[in-house]
Amino acid sequence: MEYIRRFGTTTSKTLFRVAIDGPAASGKSSTAKMVAQRLGFNYIDSGAMYRSVTLKALRERLDPSLSENDSKIATLAQSISLQLVTTPSTTPNALPITRVFMDSEDVSELIRTSDITRNIGGIAKNPEVRAALLTKQRAMGQGENHRDQNTKGIVMDGRDVTTVVFPDAELKIYLQADAKVRAERRYQEMKAKNLEGSYDTILKELLERDHADMTRKISPLKKAKDAIVVDTSNMTFDEQVERIVSLAQEKLKFDN
Ligand code: CDP
Ligand code: CDP
């Protein structure tokens with residue numbers, strides 16, 4: 001494969017890749033983290049990479065919605081150093097914690113603000129930004145930048161992981177849920193963190209972001225033909241984790 005040649009054999013590994021895509025708040029990142037912990041795999045949050053580039057652009061006062069800034073923002077994405085460090089939880093039911101380091105700075109909280117979420121659309125549709133992050137994501141899929149160098153697999157979630165990043169992933173999942181259920185989950189999450197936000201605004205912004213993610217020309221969110229759909233609208237968190245873990249275990253058995 002082309003990228004194996006590019007990165008040489010030192011980082012090339014055969015890892016079992018679980019790729020998860022789906023719309024905002026369908027449960028991707030929390031499910032992916034727990035699935036990774038259960039399987040002893042590394043978790044990679046591709047959305048955090050787009051969020052970090054957005055933060056860097058805004059700090060440089062480059063408005064991502066203006067196409068005249070596209071190539072300057074692409075240069076930032078090419079030079080950005082990103083590290084995703086997931087620490088397994090010590091209790092079985094607690095979620096592992098992922099910290100995101102951008103150019104060695106811990107930006108884990110800074111990239112989750114609504115300012116970043118509102119500005120991310122311009123970054124996500126920038127082809128050169130996507131190309132730069134794609135290179136990093138595929139390298140991570142080959143074992144680069146991993147905390148646990150002995151891991152046998154990775155779980156990566158995002159919008160184009162099953163279609164563009166790893167179209168040949170060993171397991172591909174499309175996680176979805178009704179928009180109202182997703183908005184309610186986000187609302188509850190924000191309430192638990194004492195953050196401001198009305199349910200109606202959350203629902204409106206979520207639908208707008210779905211639309212932007214599904215209709216952009218480059219790497220839109222769509223279900224890969226061979227992805228397994230898991231609709232979490234009426235599932236408990238544990239049920240959806242169990243479903244994906246069993247699918248992975250079935251495939252792992254078959255592969256060995
Ligand atoms: O957690 P949430 O689903 O709200 O978003 P995220 O996974 O952090 O991703 C934030 C945004 O980054 C998405 O709305 C997409 O616009 C973009 N993204 C993307 O274009 N491709 C990916 N593989 C991951 C995220
Ligand atoms: O990554 P994505 O934006 O797709 O979703 P998330 O950040 O994992 O957020 C989903 C939220 O819904 C989390 O607070 C989950 O605990 C919660 N949740 C879920 O994922 N699945 C359920 N069946 C019920 C709640």
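Can you find even one residue in the stretch 107-117 that is away from ligand 2 (no atom under 16 Å from the Cβ), in contact (Cβ under 8 Å) with a residue 24 or more places away in the chain and either loosely packed, with under 14 Cβ neighbours inside 10 Å or in a loop (DSSP other than H, G, I, E, B) (or both)?
Taking the stretch 107-117 and keeping what is away from ligand 2 (no atom under 16 Å from the Cβ), we get 107, 110, 115.
Narrowing the set further to residues that are in contact (Cβ under 8 Å) with a residue 24 or more places away in the chain leaves 107, 110, 115.
Still in the running and either loosely packed, with under 14 Cβ neighbours inside 10 Å or in a loop (DSSP other than H, G, I, E, B) (or both): 107, 115.
The answer is yes; a qualifying residue exists.
Which ones in the stretch 22-49 are open to solvent by 20 Å² or more (accessible area, probe 1.4 Å), in contact with a Gly (Cβ under 8 Å, 6 or more places away or on another chain) and part of a helix (DSSP H, G or I)?
Ser29, Leu39, Gly47 - these are the residues of the stretch 22-49 that are open to solvent by 20 Å² or more (accessible area, probe 1.4 Å), in contact with a Gly (Cβ under 8 Å, 6 or more places away or on another chain) and part of a helix (DSSP H, G or I).
Looking at this structure, is Asp200 of a type in the set (Asp, Glu) and surrounded by 15 or more Cβ atoms within 10 Å (Cβ to Cβ)? It would help to see each step written out before you state the result.
Numbers: of a type in the set (Asp, Glu): yes; surrounded by 15 or more Cβ atoms within 10 Å (Cβ to Cβ): no.
Criteria not met by Asp200.
Given the criteria at pLDDT 95 or above, more than 13 Å from ligand 2 (Cβ to nearest atom) and under 25 Å from Arg243 (Cα atoms), does Thr163 qualify? First the steps, then the outcome.
Working: at pLDDT 95 or above: yes; more than 13 Å from ligand 2 (Cβ to nearest atom): yes; under 25 Å from Arg243 (Cα atoms): yes.
Considered against the rule, which asks whether it is at pLDDT 95 or above, more than 13 Å from ligand 2 (Cβ to nearest atom) and under 25 Å from Arg243 (Cα atoms), Thr163 comes out as yes.
Could you tell me whether the stretch 67-81 includes any residue that is in contact with a Gly (Cβ under 6 Å, 6 or more places away or on another chain) and open to solvent by 20 Å² or more (accessible area, probe 1.4 Å)?
First, the residues of the stretch 67-81 that are in contact with a Gly (Cβ under 6 Å, 6 or more places away or on another chain): none.
No, because not a single residue in the stretch 67-81 is in contact with a Gly (Cβ under 6 Å, 6 or more places away or on another chain) and open to solvent by 20 Å² or more (accessible area, probe 1.4 Å).
If the Cβ limit is 6 Å and pairs must be 6+ apart or interchain, which residue in the stretch 216-238 that is in contact (Cβ under 8 Å) with a residue 60 or more places away in the chain pairs with which residue that is acidic (Asp, Glu) and not in a loop (DSSP other than H, G, I, E, B)?
Leu221/Asp213
The values are calculated or read from the model by the stated rules, or taken from the named source; none is laboratory data. Since this is a predicted model, take the numbers as computed values, not measurements. Because the Cβ atoms are built from the backbone with ideal geometry, glycine has one as well, and the counts that use them run over all protein chains shown. Areas reflect the complete protein model, heavy atoms only, side chains present, ligands, DNA and RNA absent. Shrake-Rupley method; radii C 1.70, N 1.55, O 1.52, S 1.80 Å.
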